[in-house]
Amino acid sequence: SHQILAQRRPWLDRLLSILMLVGVGLLMVGLFAWQFPRTSRYQLEEGRPAPSNIVSPRQISYESELLTEEARAAAANAVSAQYDPPESRVRRQQVDKLTDILEFISIVRNDAYADVETKTDYVQAIAELNLGQESILHILEATDEEWQEVVTEAPLALGRAMREEIRNDENALRVAQRNVERLIDADVSEKALGITTELVRNLLRPNSFYNEERTEEARAEARDKTPVQRISYEQDEMILREGDIVTAQNVETLEHIGLLQGDWDWWTLIRALLVTVITLTSVVVMLYRLHPQTLVNNQMLALLTLSAVIWLLLAKFMLIPHDWLPYLYPMATLAMLLTVLVDLRVGLIVLGAFTFVVLYLSGTNPALAAYAGLGGLFGALVVARAERLTVFLWAGLVISLCNLLVTAAFRAPFTGLSTQQHLLLFLVHLLNGGLSASIALIAYFVLGNIFGITTSLQLTELSRPTHPLLRQLLLKSPGTYHHTIVVSNLAERAAAAIGADAFLARVGAYYHDIGKTVRPYFFIENSADGAENPHEKLDPLTSAQIIISHVSDGIDLAQKYRLPARIQDFIREHHGTSVVHYFYMEAQKQAQEGEVVNQADFRYPGPRPRTKETAILMLADMCESAIRAVKPATRTDLTNLVNKLIDTRVMDGELNDSNLTFQELQIVKDVFLRVLQGVHHPRIVYPERSKAAQPKAAAPAGEQAAQSAPAHKTGAPRNGAVRRHASDPMTAKDAITGEFDVVTTPPEAAEEPGGVEQPA
């Protein structure tokens with residue numbers, strides 16, 4: 001991708017690209033921020049009387065944020081505070097304190113030297129106890145048997161009481177204190193019961209404490225479990241009567257329907273800018289990574305710009321609060337159209353961006369976004385490898401089915417609708433699939449012709465042998481036709497191996513030599529055995545111009561028969577800017593002393609291959625022609641010849657503009673070798689039946705090889721030299737090492753014996 005974007009383009013092309021991007025951005029901001037004016041808007045204020053009756057203009061059912069929030073708040077408030085389980089540490093601590101207090105009181109009771117008043121003061125000094133005078137006197141006056149009952153039972157009763165939950169609030173503690181008496185052993189005397197109850201109540205403490213984290217989690221869970229609250233109105237149902245006090249719920253309903261007079265909000269513009277920047281940046285980055293050709297091709301950019309403008313305008317007018325209109329938005333058409341006209345990756349990238357746009361314009365309606373996005377996704381996948389127009393019919397059916405499934409998955413938005421309304425939506429979903437496919441088919445022909453884009457459907461038609469140009473090639477230039485078939489197989493296999501467009505490479509190869517039908521007998525593959533070589537009567541420059549002219553003749557025929565621009569590129573670029581070397585060398589031989597032969601007169605006009613597919617065709621055309629002429633005897637000879645032919649093109653810079661990497665070039669070589677080995681493998685020469693039985697004297701190995709090889713007829717070179725058969729060791733060696741100049745100069749077939757193309 002970096003190499004493609006690094007290619008130099010005129011400043012005007014760059015300016016046009018920037019202007020198209022900026023134009024789409026400004027349109028998006030304007031459409032996102034602009035609100036449609038409505039003739040029936042109202043100016044209302046919450047808490048004030050309604051100025052007139054307001055009825056619903058259509059059936060409406062929407063999620064009320066206000067009621068939903070109120071319901072969730074109520075559910076959260078209904079959750080009680082959460083407390084930790086009772087802590088045994090607190091129980092043990094309080095029981096130990098009570099035991100110490102009882103021991104101290106026992107000492108005070110048994111003090112023979114202290115009077116009652118002094119003993120009372122000692123008991124009152126105990127910080128944990130808050131006892132009145134009467135309670136203290138009961139303790140001091142209790143008999144030893146009664147006191148022993150208190151000492152035994154009080155710690156047990158306190159332990160029982162504090163095993164139960166006592167929350168750290170006053171109500172919980174008072175309840176626990178009231179329940180102490182029932183926890184004391186029933187066999188205790190009445191006086192001991194009263195003292196024990198009083199002491200235990202004084203030592204009771206909270207053992208369960210408020211847990212804020214658990215409380216918040218429980219309340220959050222209650223909020224999450226609260227279902228969304230919906231508000232529904234039938235068409236013409238009264239929303240507000242004149243004089244009714246406007247509530248927050250009324251305002252929300254009218255805003256959702258779009259009946260409130262909106263004020264200009266700067267946040268609307270800011271949101272529109274953010275959505276635009278996010279969308280366009282995402283598209284540009286993904287195109288740069290996945291399909292960079294789009295960013296350097298103003299033709300494709302113009303198509304994307306026009307498509308974006310049309311579908312943005314449709315989105316603004318169709319994605320409005322309405323029962324069924326948003327569900328007719330033909331998002332799938334856009335995805336299918338860009339898939340068949342450009343590439344599946346481009347279609348899916350733009351589909352993702354427009355799904356985001358739908359989500360924004362529909363008020364973040366996930367059901368509608370899923371409806372539009374998934375329908376477009378499956379529609380694009382169906383037409384991705386389209387070879388027949390019937391694929392659009394299947395795409396429409398798939399889109400309709402997808403629409404129905406998405407609707408079933410998002411049933412919540414359609415609850416509250418009548419059976420008639422559900423039936424209407426069902427029909428709308430089916431209609432969306434049919435309309436999307438129909439519009440895509442029509443736009444495919446219209447936009448394809450406007451922008452001159454070659455599609456797989458066009459390639460399918462062009463690949464049929466009944467096409468007039470292919471018929472002409474077969475009838476007028478049968479040798480070239482056979483050569484074209486072999487080259488197309490080579491190009492297709494190589495393109496598929498490196499991930500290029502194999503179908504385009506094959507069809508482009510079919511038409512690359514159609515210019516030879518104008519003067520077929522000036523090319524060796526179309527001349528009969530023993531026929532006179534027409535180049536013998538021409539000077540080298542004229543012969544070279546005839547050979548070169550098959551490119552311009554091919555372009556004339558391509559334009560006459562309205563071949564797509566990408567197919568015409570195969571005709572223009574399959575020789576690049578190489579030199580017709582054979583006639584260039586002949587011109588130098590015939591030049592007078594001191595005369596300079598202008599090499600530019602013998603050079604193809606180009607341009608060099610600018611795509612991987614046309615570069616592969618150049619290499620396939622050259623290799624097939626050279627190997628057909630040279631007929632290498634061994635696989636090693638074949639490998640060496642292919643390597644030297646391709647390396648020569650690389651050294652001459654003919655592949656510099658094609659974006660082929662060296663790794664891909666090696667893959668192309670390997671594919672060529674596998675295919676050519678199968679096509680041009682050595683064959684056994686059988687002896688004639690009449691001579692097979694006659695004994696022959698043994699001949700040297702070299703002579704046997706020469707005798708076993710059939711004579712190879714080619715057009716006679718102008719210097720009169722007779723070309724030897726490739727099975728001759730010297731001939732094979734010469735062919736590989738330079739007799740035909742395949743190393744030091746571009747091996748232009750048509751220009752020299754043994755090259756890629758030979759003159760007749």
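Below is a table of values for the structure above.
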quantity	calculated
Among the candidates Ile310, Ile278, Ile320, residue that is hydrophobic (A, V, I, L, M, F, W, C), farther than 29 Å from Leu389 by Cα and at pLDDT 85 or above	Ile278
Subset of the stretch 330-365 [under 18 Å from Ser400 (Cβ atoms) and more than 21 Å from the chain's Cα centre (by Cα)]	none
Leading residue by the ranking (farthest from the chain's Cα centre (by Cα)) among those in the stretch 498-511 that are hydrophobic (A, V, I, L, M, F, W, C) and modelled with pLDDT of 95 or more	Ala509
Failed criterion for Lys612 (all others in (1) surrounded by 22 or more Cβ atoms within 10 Å (Cβ to Cβ); (2) at positive phi; (3) basic (Lys, Arg) hold)	(2)
Filter result for the condition that a residue is at negative phi and crowded, with 18+ Cβ neighbours inside 10 Å, over Arg471, Arg464, Arg493	Arg493
Residue count, the stretch 439-471 (criterion: out of contact with any helix residue (DSSP H, G or I) (no Cβ under 9 Å at 6 or more places or on another chain) and within 29 Å of Lys516 (Cα to Cα))	5
Residues located in the stretch 641-664, provided they are closer than 28 Å to Val296 by Cα, touching a helix residue (DSSP H, G or I) at 6+ places or on another chain (Cβ under 8 Å) and outside any loop (DSSP other than H, G, I, E, B)	Ile646, Arg649, Val650, Glu664
Residues of the stretch 512-537 classified as among the polar types (S, T, N, Q) and at pLDDT 90 or above, total	1
Search result, residues across the stretch 570-582 that are under 20 Å from Asn656 (Cα atoms), of a type outside the set (A, V, I, L, M, F, W, C) and buried (at least 22 other Cβ atoms within 10 Å of the Cβ)	Arg572, Glu573, His574, His575, Gly576, Ser578
Ser17, sole failed condition from (1) of a type in the set (Ser, Thr, Tyr); (2) at pLDDT 75 or above; (3) over 19 Å from Gln299 (Cβ atoms)	(3)
Selection count where residues are modelled with pLDDT under 85 and within 21 Å of Arg89 (Cβ to Cβ), scope the stretch 184-211	0
Residue count for the stretch 320-362, restricted to those that are farther than 21 Å from Gly434 by Cα and free of Cβ contacts under 8 Å to residues at least 40 places away in the same chain	1
Matching residues, the stretch 537-590, being charged (D, E, K, R) and either under 23 Å from Tyr521 (Cα atoms) or in a helix (DSSP H, G or I) (or both)	Lys537, Asp539, Asp553, Asp556, Lys560, Arg566, Asp569, Arg572, Glu573, Glu586, Lys589
Candidates Asn202, Asn211, filtered to the one that is surrounded by 13 or more Cβ atoms within 10 Å (Cβ to Cβ), closer than 26 Å to Gln124 by Cα and of a type outside the set (Val, Ile, Thr)	Asn202
Pairs with Cβ under 7 Å, 6+ apart, first in the stretch 237-251 and on the phi > 0 side of the Ramachandran plot, second surrounded by 13 or more Cβ atoms within 10 Å (Cβ to Cβ) and at pLDDT 85 or above	Gly243/Pro49
Check on Leu137, in contact (Cβ under 8 Å) with a residue 12 or more places away in the chain, under 18 Å from Val95 (Cα atoms) and of a type outside the set (Gly, Ala, Ser)	no
Which listed residue, of Phe426, Phe445, is among the aromatic types (Phe, Trp, Tyr) and closer than 15 Å to Val340 by Cβ	Phe445
Some residue of the stretch 205-217 being of a type in the set (D, E, K, R), free of Cβ contacts under 8 Å to residues at least 24 places away in the same chain, out of contact with any strand residue (DSSP E or B) (no Cβ under 6 Å at 6 or more places or on another chain) and outside any helix (DSSP H, G or I)	no
Neighbours by Cβ (under 9 Å, 6+ apart or cross-chain): first from the stretch 267-285, under 16 Å from Val22 (Cβ atoms); second aromatic (Phe, Trp, Tyr) and loosely packed, with under 13 Cβ neighbours inside 10 Å	Ala272/Trp34
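Okay, residues lined up against (1) modelled with pLDDT under 90; (2) farther than 25 Å from Gln666 by Cβ; (3) more than 35 Å from the chain's Cα centre (by Cα); (4) in a helix (DSSP H, G or I):
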{"residue": "Tyr444", "(1), (2), (3), (4)": "yes, yes, no, yes"}
{"residue": "Leu447", "(1), (2), (3), (4)": "yes, yes, no, yes"}
{"residue": "Pro465", "(1), (2), (3), (4)": "no, yes, yes, no"}
{"residue": "Leu470", "(1), (2), (3), (4)": "no, yes, yes, yes"}
{"residue": "His482", "(1), (2), (3), (4)": "no, yes, yes, yes"}
{"residue": "Asn489", "(1), (2), (3), (4)": "no, no, no, yes"}
{"residue": "Glu492", "(1), (2), (3), (4)": "no, no, no, yes"}
{"residue": "Ala495", "(1), (2), (3), (4)": "no, no, no, yes"}
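The values are calculated or read from the model by the stated rules, or taken from the named source; none is laboratory data. What you see is a predicted model, and the numbers here were worked out from it, not measured in a lab. All Cβ positions, even for glycine, are placed from backbone atoms using ideal geometry, and neighbour counts span all protein chains on display.
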